Structures are given as C-alpha cells and as structure tokens.
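Enquirer: Pasting a structure below so you can have a look.
The values are calculated or read from the model by the stated rules, or taken from the named source; none is laboratory data. Please read all numbers here as calculations on a predicted model, not as lab measurements. Cβ atoms come from the backbone with ideal geometry, glycine included; neighbour counts cover every protein chain shown. Protein only, heavy atoms only, side chains kept; ligands, DNA and RNA dropped before computing areas. Shrake-Rupley method; radii C 1.70, N 1.55, O 1.52, S 1.80 Å.
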Amino acid sequence: MPTPHDLGYRSLFAHPELVRELITDFTSFKLLDEIALSAFERVNPAYVSERLSAREDDIVWRVRLGDEFLYVYILIECQSGVDRWMALRMQTYIGLLFQDLIKGHELSPGLLLPPVLPLVFYNGVPRWSASMELAGLLMDAPAELAALQPSQRYVLIDQQRLDRTALEANASLLALLFRLELSAAPDVSKNVFAALTTWFKGSPQANLRRSVQVWINALLARGASKEELCMVDSVEEGADMGGKLATWAEQFEELGFQKGCAQGKAEGKAEGQVIALRGVLGKLLRLRFGDVPDLAAQRIEQATQGELERWIERSIDAPSVPALFGAG
C-alpha cells in the first residue's frame, strides 16, 4: 500500500509542469526543455496489476515529439531500503507497458515500440546501492550467449544526494519542495515558505496548488502522524493561504525542535555510557596496578566507547598498563 509520502509525490507528478522540471532539472536529458506542456499526456499504468501487485505509486506519461511519442516511466521509491532488483522490476514494467500498447493498437504506423525514459525517484536515507542495469544482476554467460542476454537500464534521481548548492540556486517549484524536505533547519524552512507564499500568490492553477498542499501535508504526516495538521480536505478555494503557510512553517519548526531534542537525548545517553566505561576501566586498573599514570588517564579521558570496551577486556590479563594500550 502506498505511504502518505508516496501519495504526496503522486499528486505532484500528476502535473506535466513538475514532470518536465524533474527531467530538465534533475537528469542530464535536455530533449524536453522546450517541449510545450500540451505535448504531455498522462497514461494510466493500471494494466500492471493484471499480473503483478498494483503499482499505484508508478507514474507514466507520454510526450509527443513531432510525429512520435516518448514514454516517461517514473517509479517512486519513498522507502527506507534499497531494492536490489530494481532493474529487473523496471524491465518487467516496461515490458507490460509495451504489451498494453500492442493490445490497444497504439503503436506507430511502422508498428514499432516507442522509446522509454525509465526514472527511479528515490528519497530513502541509505545510499542507493542497487545495480542500475540488469546486466549487474545476471551471472556471466558463455561468450557465445552474451549478446542474447536481456539488458535494461534506468536513471536514478537520489533526492538525498542532490547537490545542495545547485538546489538552492534553482528557482523551480520542485527544487523548492525538495529543499523543504531535505532541510531540518527552521531558518531555511522559513525561507522556503516565504518563497512558497510568493508562488501560491502567483500560481493560477488551482489543481497544482492543491497538489502542493497534499504533498506538504504528507510530508508533515510522515514526521508527526499524531499531530493536528491542516488537512487539505478542509481547504476551500480562496482560503487564506498566507495563514495556512504560516501554520505549516510553525509545524515544521516544531518538528525540527522535536528531532533536535530526540537527537540530544540520544547523544546524552551515548555520552553517559562513555563516562560509565571510563569509570569502570579506571577502577579495574587501580585494582590491578595501583595508581593510574597521568598519560594513561589522559588516554582514557579521550578514548571512544569502542576503545574503552576493548581496553576493559584486555585489562583482565594485561601484564601492565603500557601493555594494555600497546595494541591500540
């Protein structure tokens, strides 16, 4: 089942403006830079559920380029883990797309399959480690069979690893939303919301404004599922967006404070463990060797938790204090 954050991104990429921004600003492909939004047409990917579980978080568009179409397949991965089999999944989904085009008689006059731009949008914390081509998942084939093996590649947009300087220099709506998600600093959040306020005032598209509200609510819900949020269902056209944005900014600042407190507690707990280990090691050394030399005491005071744990283990049978520290 798609998460609220998946649904937030689905709402964004239901708009050709943001699909074009995703490709133009966050990939190396420039073929859609000057393509009119009227050339974009949303495709329903529900056909995938005929043989596989429903892929409700996939987005498929086709873009008219002259007399032909380019298909853009966006696979949204808003999760904490990395899918090792992504290249295989992508090949399967594109194969099902091709089958659907054949079944619906939607091929070119020459009965040729269209080109596809396969995108994986990932915003998980772990660095993406999966092979970006199917060949990386296959065993080495005998030389005479190598040319017969399947091949599929995809383009990865790893949100967490985007260049922050370039992101801040980008004035597009999508870059603004990425900055909001990636930043935990209240002052940056406020700057982003100031820019969002300007965008809301200047955007005439009610559906796109509503999708941005859905996305912000989904982002807030991910960090504070039990908080009372300004749910988009209660928003009416013409509502006071300035007040709503101010409320959102306060909620983001509160989330940042809560995360900071949690981090502080975790850091305090870890420091407490280190202090306790220093005391244990000092007591053991005094029991075995008497007074602890100043140099040894200094090393203990500057040691990490891992070093202290190793030294405590060695202190059981170390012949002397210098021997305890000799192996590091």
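Enquirer: Could you rank the peptides 14-22, 281-289 by their average count of other C-beta atoms within 10 Å per residue, with the highest value first?
Expert: Values: 14-22: 20.0, 281-289: 15.4.
Those peptides, ordered most packed to least, come out 14-22, 281-289.
Enquirer: Run the accessible area of segment 55-127 with a 1.4 Å probe and give the carbon-and-sulfur part as a rounded percent.
Expert: Numbers: 1970 of 3420 Å².
Carbon-and-sulfur percentage of accessible area, whole number: 57.
Enquirer: Shifting gears a bit: Pop a pseudo-label 7 angstrom from the Cα along the beta-carbon direction at both Asn44 and Thr197 and give the gap in nm to one decimal.
Expert: Going from the Asn44 label point to the Thr197 one covers 4.2 nm.
Enquirer: Shifting gears a bit: In nm, what is the difference between 0.36 nm times the number of residues separating Phe289 and Asp83 and their Cα-Cα distance? Numbers along the way, then the final one.
Expert: Values: separation 206, 0.36 × 206 = 74.16 nm, distance 5.40 nm.
In short, 68.8 nm is gained.
Enquirer: About its Cα centre, what dipole magnitude does segment 63-179 give when the only charges are +1 on Lys and Arg Cβ and -1 on Asp and Glu Cβ, stated in debye to the nearest 20?
Expert: Working: 9 positive and 12 negative charges, 71 e Å.
Roughly 340 debye, rounded to the nearest 20.
Enquirer: Continuing with the same structure: Would you mind counting up the charge near Gln160? Only other residues with Cβ under 11 Å from its Cβ, with Lys and Arg at +1 and Asp and Glu at -1.
Expert: Working: positive: Arg127, Arg161, Arg164; negative: Asp158, Glu181.
Summing Lys/Arg as +1 and Asp/Glu as -1 gives +1.
Enquirer: Could you give the length gained on full extension between Arg164 and Ala14, defined as 0.36 nm per residue of separation minus the Cα-Cα distance, in nm? Working shown, then result.
Expert: Working: separation 150, 0.36 × 150 = 54.00 nm, distance 2.53 nm.
Contour length minus Cα-Cα distance gives 51.5 nm.
Enquirer: OK, next. Mind giving me the FRET efficiency for Arg210 and Glu301? R0 is 56 Å, r the Cβ-Cβ distance, nearest 0.05 is fine.
Expert: Values: r = 58 Å, r/R0 = 1.04.
For Arg210 and Glu301, the calculated efficiency is 0.45.
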